[in-house]
Amino acid sequence: MNGTPASLLTIFGATGDLARRMLLPSLYGLEGDGLLPPALRILGTARSDLDVGGFKALVAASIGQYVPAAERNDATLARLLQRIHYQPASVDDAASMQSLCGTIAALRDGDVVYHLSTAPRWYAPICDALGQHGLGGAGTRVMLEKPLGHDLASAIEINDGVARVFDEERVFRVDHYLGKEGVQNLLALRFGNALFEPLWNARHVEQVQITVAETVGVEGRGDYYDGSGAMRDMLQNHLLQLLCLVAIEPPSQFEPTAVRNEKIKVLHSLRAIGREQVAADTVIGQYGAGAVDGVAVPGYRDELSDNGGGRPSTTETYVALRARIDNWRWKGVPFYLRTGKRMPQRCTEIYLQFRSVPHSIFDHGATALQPNALLIRLQPEERIELRLMSKTPGLDRAGLQLSQVALDLDMQEEFGAHRRRLAYERLYLDAIEGNGTLFVRRDETEAAWQWVDAIHDGWRHAGMVPKTYPAGTWGPGGAVTLTDRHGHAWRE
């Protein structure tokens, strides 16, 4: 659906951490580039008992803290603040919600976007309140943050609650990874070039690795994270979305229905990892004390405890698995996925290793032929490397000597004049304009949960608990075995 650009953006949870770190700086970036509709007004709401002036001060402080100094501009901030309104409200207080809905109705002059940056348990009650006050009909759309539920049953319950008020085409489920330039560039790389698509299949690809590694620990999110774990927090959404974009068939066009139809086919083709397979195809770990970047850090259980004495927990902070896609394009190709906290470095990358040449004519060389590989790095910096074999310079009287070299596209160097955008700038712009291509459809969310739930069930049935790994390492030893038994190795 491509609607009329919204005239009102209402942010629930507007004083929260996500709003201060990402949402408000993203709106500032769009304001600075003149991309917000001229008539757009922004209404913040939260439990915080602030007046409009207090909220504007919070907005200004967030811009000052999270926007680089070189990009800060008093005139841009002033224009953004002119759009800002604020009204406190609590979802469980009917009177305050009625008052808020009255303000929304008064400010609305066209389409409206509601961004629910709150705990997911409030999604259905907020939508119900909007519906009861006639604010959920045509010309409205709602953005939902992850995690969308804790399992398939809770995801269905949330989706059903939202669907009572908002049709599916007006529901924009956020996975902020889809707003990243590098992720969108993956689609451009695949479908904007004739070079790769003929090779993008099981006949030519040996293995695929997708890594999302973090150096941080739970960062004050211990209560949430301990009830979630790496599988629910990262793999169920971010890594599976990346897998879908690597594996999809070419969509007929770059528009919401076509792209998301291809993604759901991939999710439906994922082979289940159930009770009989979890021990062989999955590894879970939990970080202990160690060092990251030369700085000593406590273990996960110690970070959970307020008194530093440690707290029992079997929550995984690391998960690695071997996924298989049972379709014509990918049959037999392992997709290795891993994510973890307190890793040696922060990185998000996709690595495709191509099959080796069928016969080497350079067996006399000192360096064995290495398979070609494509590395797509998404963060901390965006770059694309194509790794090839090349002749080593010199007079090779005994025959050619070869070395592996990289054709390297450094996105920062190539596009250094372009400001590096936050993911939410793209997502806000699309939601305001009604373009759902980079948002997640209900059937995608529920298919992903169904696949993940089977793994959780397998862990429970097998009695699997996380193995401890020292902070600052690449996870428990079993992760090495996961790839090694199939003749592969993690790229590190």
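The values are calculated or read from the model by the stated rules, or taken from the named source; none is laboratory data. Treat the numbers as computed from the prediction; the structure is a model and nothing was measured. Here Cβ is always computed from backbone atoms with ideal geometry, including for glycine, and neighbour counts include all displayed protein chains. For the accessible areas, the whole protein counts, side chains as well, though only heavy atoms, and no ligand, DNA or RNA atoms are used. Shrake-Rupley method; radii C 1.70, N 1.55, O 1.52, S 1.80 Å.
Each row is one residue, and each column tells you yes or no for (1) out of contact with any Pro (no Cβ under 9 Å at 6 or more places or on another chain); (2) open to solvent by 20 Å² or more (accessible area, probe 1.4 Å); (3) over 30 Å from Leu386 (Cβ atoms).
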| site | (1), (2), (3) |
| --- | --- |
| Arg190 | no, no, no |
| Asn201 | yes, no, no |
| Gln207 | no, no, no |
| Gly229 | no, no, yes |
| Glu249 | yes, yes, no |
| Gln286 | no, no, yes |
| Gly294 | yes, yes, yes |
| Arg301 | no, yes, yes |
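Can you tell me which residue within the range 425-466, out of those that are at negative phi and of a type in the set (Gly, Ala, Ser), is most open to solvent (accessible area, probe 1.4 Å)? Give the derivation first.
Initial filter on the range 425-466 (at negative phi): 425-433, 435-462, 464-466.
Those left that are additionally of a type in the set (Gly, Ala, Ser): 431, 436, 447-448, 454, 458, 462.
Details: Ala431: 1, Gly436: 5, Ala447: 13, Ala448: 5, Ala454: 31, Gly458: 0, Ala462: 56 Å².
Out of the qualifying residues, it is Ala462.
Give the range 65-78 a look and list any residue that's assigned to a helix (DSSP H, G or I) and either closer than 21 Å to Thr45 by Cα or of a type in the set (S, T, N, Q) (or both), or say none. Walk me through it before giving the result.
Keep residues of the range 65-78 that are assigned to a helix (DSSP H, G or I), which gives 65-66, 69-71, 74-78.
Gln65, Tyr66, Thr76, Leu77, Ala78, listed by residue number.
Report yes if some residue within the range 260-272 is small (Gly, Ala, Ser) and closer than 21 Å to Pro466 by Cβ; otherwise report no.
The initial filter retains those residues of the range 260-272 that are small (Gly, Ala, Ser), namely 269, 272.
After this cut, where a residue has to be closer than 21 Å to Pro466 by Cβ as well, the list is none.
So far as the range 260-272 goes, no, none of its residues is small (Gly, Ala, Ser) and closer than 21 Å to Pro466 by Cβ.
Cβ-Cβ distance below 9 Å, separation of 6 or more or different chains: which pairs start in the range 247-259 with a residue that is more than 17 Å from Arg170 (Cα to Cα) and end on one that is basic (Lys, Arg) and not in a helix (DSSP H, G or I)?
That search, which allows pairs on different chains as well, returns Ala247/Arg329; Glu249/Arg329.
Given the conditions (1) open to solvent by less than 20 Å² (accessible area, probe 1.4 Å); (2) in a helix (DSSP H, G or I), report the number of the one that Pro476 does not fulfil.
Only one criterion is unmet by Pro476, namely (2).
Each row is one residue, and each column tells you yes or no for (1) in contact with a helix residue (DSSP H, G or I) (Cβ under 7 Å, 6 or more places away or on another chain); (2) assigned to a helix (DSSP H, G or I); (3) open to solvent by 60 Å² or more (accessible area, probe 1.4 Å).
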{"position": "Leu43", "(1), (2), (3)": "yes, no, no"}
{"position": "Ser48", "(1), (2), (3)": "no, no, no"}
{"position": "Ala60", "(1), (2), (3)": "yes, yes, no"}
{"position": "His85", "(1), (2), (3)": "yes, no, no"}
{"position": "Gln98", "(1), (2), (3)": "no, yes, yes"}
{"position": "Pro125", "(1), (2), (3)": "no, yes, no"}
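Please verify whether Gly274 is touching a Gly at 6+ places or on another chain (Cβ under 6 Å), surrounded by fewer than 17 Cβ atoms within 10 Å (Cβ to Cβ) and within 24 Å of Leu152 (Cα to Cα), treating the condition exactly as stated. Talk me through it step by step, then tell me what you get.
Numbers: touching a Gly at 6+ places or on another chain (Cβ under 6 Å): yes; surrounded by fewer than 17 Cβ atoms within 10 Å (Cβ to Cβ): yes; within 24 Å of Leu152 (Cα to Cα): yes.
So Gly274 fits the description; yes.
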